[in-house]
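**Q** Pasting in a structure now, in structure tokens, and then I'll have a few things to ask.
The values are calculated or read from the model by the stated rules, or taken from the named source; none is laboratory data. Because the structure is a prediction, the values reported are computed rather than measured. Every residue, glycine among them, receives a Cβ derived from its backbone with ideal geometry; neighbour counts consider all protein chains shown.
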Amino acid sequence: MPQRTGSNNKRVNTKNKTSKGSLIVVGVGIQAVRHITLEAQQAIENSDKVIYYVVDPITQIWIKKLRPDAESLHKYYVETEDRRTQIYSKMVEHIMKRVRQGFSTCLVLYGHPGVFTTGVTKPAIKMAEKEGFMVNMQPGISAEDYLFAQLFVDPGDSGCQSFEATQFLVHRRKFDTFCHLILWQIGIIGQLGFHPSNDSRPGLVVLTDYLKQYYDSKHEVYVYRASAYTIAKPIIQRIPLYKLPEAYVDFIGTLYVPPIAAGAGTIDKKMAQRLGLAKRLGISTKH
């Protein structure tokens, strides 16, 4: 296990590499340090190699104090590069290099490590499994968990749909206006590269025009971003749909669109009868 030195009380890794590499992926949640589970901390402490990508500096400092030898993936985020090919492939190769070298490797990501990390997590896991290495993932609190809590959304009351905004538009995803709708990364619609300073308005105009085909222009929507710190409040903008292009949206902003009418929608009478719910739903069984 990592040992403490007597002088500076820092942890240093004194372990030799394992006989065969492995990959464990952990999430540190949304709020800095406060959401880190004991399970995730133990994985960080006990792995031969720790590789991380987290967004807030406090968590970065915490990781480096726990594991001074931890390696950051931030250097791979270079503006203008295509994040889906060049950036992500370099990150995956960095991770797999350590695994192939025979190290038990811990990949640390913000939020839930399996939610909106498909560019890195999914390829790394698939590659590691294909090459015969042991793979594991531990959950973390995601931005969606926080959205449910802070906007008082219950996905169980009428169903919930969740899409990445650009894919939602380009692939014309089918969705139900009587369900909750969550669209992620609305600040970088149509952007395949990493350009966090780009203007989000053109993409928001396109999204607004598209949604207005299904919702009234005055339908109330929420632009949301969870806070990484307890001293700061989440960003919640409650606005009519037509004002979406005027909202403040950064590159990780999220849009929540409430159902047109909670619990409403077309009832399949035959299915209701088959399930024995016709009487309860007030459906006549007479032909």
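**Q** Would you call residue 36 aliphatic (A, V, I, L, M), under 20 Å from residue 228 (Cβ atoms) and in a loop (DSSP other than H, G, I, E, B)?
**A** Criteria met by residue 36.
**Q** Let me ask something additional. Suppose the filter is basic (Lys, Arg) and touching a residue at least 24 places away in the same chain (Cβ under 8 Å); does residue 201 pass it?
**A** yes
**Q** Still on this model: Kindly indicate which of 264, 272 is assigned to a loop (DSSP other than H, G, I, E, B) and either at pLDDT 80 or above or out of contact with any Gly (no Cβ under 8 Å at 6 or more places or on another chain) (or both).
**A** 264
**Q** Can you name every one of the strands (runs of 3 or more DSSP E) wholly within the stretch 140-237 that holds 3 or more residues which are on the phi < 0 side of the Ramachandran plot, at pLDDT 95 or above and not polar (S, T, N, Q)?
**A** Counting at least 3 such residues, we get 180-184, 220-225.
**Q** Among the residues in the stretch 111-126, are any touching a residue at least 12 places away in the same chain (Cβ under 8 Å), touching a strand residue (DSSP E or B) at 6+ places or on another chain (Cβ under 7 Å) and surrounded by fewer than 17 Cβ atoms within 10 Å (Cβ to Cβ)?
**A** Within the stretch 111-126, none of the residues are touching a residue at least 12 places away in the same chain (Cβ under 8 Å), touching a strand residue (DSSP E or B) at 6+ places or on another chain (Cβ under 7 Å) and surrounded by fewer than 17 Cβ atoms within 10 Å (Cβ to Cβ).
**Q** Could you check the stretch 218-253 and list, in sequence order, the residues that are polar (S, T, N, Q) and over 19 Å from residue 32 (Cβ atoms)?
**A** Once the filter is applied, which keeps residues that are polar (S, T, N, Q) and over 19 Å from residue 32 (Cβ atoms), the stretch 218-253 yields only 237.
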